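Notes to accompany the following structure.
The values are calculated or read from the model by the stated rules, or taken from the named source; none is laboratory data. On a predicted model such as this, the values are computed, not experimentally measured, just so you know. Methodologically, a virtual Cβ is constructed for each residue, glycine included, from the backbone with ideal geometry; neighbour enumeration extends over all protein chains shown. These area figures cover heavy atoms from the full protein model, side chains too; ligands, DNA and RNA do not enter into them. Shrake-Rupley method; radii C 1.70, N 1.55, O 1.52, S 1.80 Å.
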Amino acid sequence: MKTVAKITAAAVCAAAFALPLAAPAIAGEKSADIVVRSAAAMEQWQAETTKDINRALAREPLAQKVHPNNSIVEVAFTMGEDGRADNVVVLKGNGNWAARRAAKYAVQRLDSLDQVPVSNPDNARFLAQIVFADDKQTHRQLTAQLRKSNAYRFANANNGENVILLGG
């Protein structure tokens, strides 16, 4: 499959699951909980952020020479003072180095994280799960695998951990 088509398929799920995580509040301290201010605003922010990641994936120079494999790549990051992605780390996944590099490149280009419609964005931690797939069937299989993994993750989340699921 051509690189553009592969990147387009990957872009369909790019940031489909960007998860801000908050550390639990300690008794007596100001709450670190992250509360969504508006579901509609969150959906709009997610759509805009997904478009930003999709554009960055399409522009990633290496992806035009070396093809990412069929994979899920998870990239964790926080929001820097300037609203850009900061502390960007590829966590896990079965992506080859081209997929991992493309995912990290795309996340590093995010510059509007400070617009996330939550009560305490400074404490937000994000997790972008990016799916790279050669075709629609592979994409469906990988996203089903991702949903199953996320269901398990959310069911076993620590009580003090607040998770906001963006996309899906």
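Only residues that are open to solvent by less than 10 Å² (accessible area, probe 1.4 Å) and part of a helix (DSSP H, G or I) were counted in region 109-147, giving 2. The residues of region 100-140 that are in contact (Cβ under 8 Å) with a residue 60 or more places away in the chain, more than 24 Å from Gly80 (Cβ to Cβ) and either in contact with a His (Cβ under 8 Å, 6 or more places away or on another chain) or of a type outside the set (D, E, K, R) (or both), listed by number, are Val131, Phe132, Ala133, Thr138, His139. So for region 44-63 (the condition being assigned to a helix (DSSP H, G or I), at negative phi and modelled with pLDDT under 80), does at least one residue qualify? Checked region 44-63: at least one residue is assigned to a helix (DSSP H, G or I), at negative phi and modelled with pLDDT under 80.
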